[in-house]
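Report on one structure; see the data block that follows.
The values are calculated or read from the model by the stated rules, or taken from the named source; none is laboratory data. The structure displayed is predicted, hence computed values, not measured ones. Glycine also receives a Cβ, built like all others from the backbone with ideal geometry; neighbour counts cover every protein chain displayed. Just so you know, the surface numbers come from the protein's heavy atoms only, side chains and all, with ligands and any DNA or RNA stripped out. Shrake-Rupley method; radii C 1.70, N 1.55, O 1.52, S 1.80 Å.
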Amino acid sequence: PGWETLHGWETWSGAVVYEAAVDLAPGTVIDLGEVHEIARVYADGTYIGTRLWAPYAFRLPQGAKVLRVEVANTPAGKMDGVSLPSGILGGPIP
């Protein structure tokens, strides 16, 4: 689930970092699935790219071992006091 489902985060606005050790074949393309709203990806500390809308797909460089995804939502939920979908809702899919 998105971070808006966490107690105290219902209307939070900002960015969250997801990080994982990976062991993927060279040139693997990952698709983050459903993301709200902006995703920025790093592999082993090297910037890979930013996506503002689907598809949230990124090609990883050869030998990538650490994947870092920064997801930022908009300030709309906080400004309007409503809970909006936020974060990665589809999960990384190699």
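Structure values in brief
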read-out: Residues satisfying the stated conditions in the range 1-24, i.e. at pLDDT below 85 and closer than 25 Å to GLN62 by Cα; value: LEU24
read-out: Search result, residues across the range 46-68 that are open to solvent by 60 Å² or more (accessible area, probe 1.4 Å), among the polar types (S, T, N, Q) and part of a strand (DSSP E or B); value: THR46
read-out: Meets criteria (aliphatic (A, V, I, L, M) and either modelled with pLDDT under 80 or surrounded by fewer than 16 Cβ atoms within 10 Å (Cβ to Cβ) (or both)) for VAL35; value: no
read-out: Residue satisfying all of: in the range 69-80; of a type outside the set (A, V, I, L, M, F, W, C) and open to solvent by 80 Å² or more (accessible area, probe 1.4 Å); nearest to ILE48 (Cα to Cα) among these; value: LYS78
read-out: Those residues of the range 1-32 which are assigned to a strand (DSSP E or B) and either within 28 Å of GLY77 (Cα to Cα) or open to solvent by less than 70 Å² (accessible area, probe 1.4 Å) (or both), in sequence order; value: ALA15, VAL16, VAL17, TYR18, GLU19, ALA20, VAL29, ILE30, ASP31
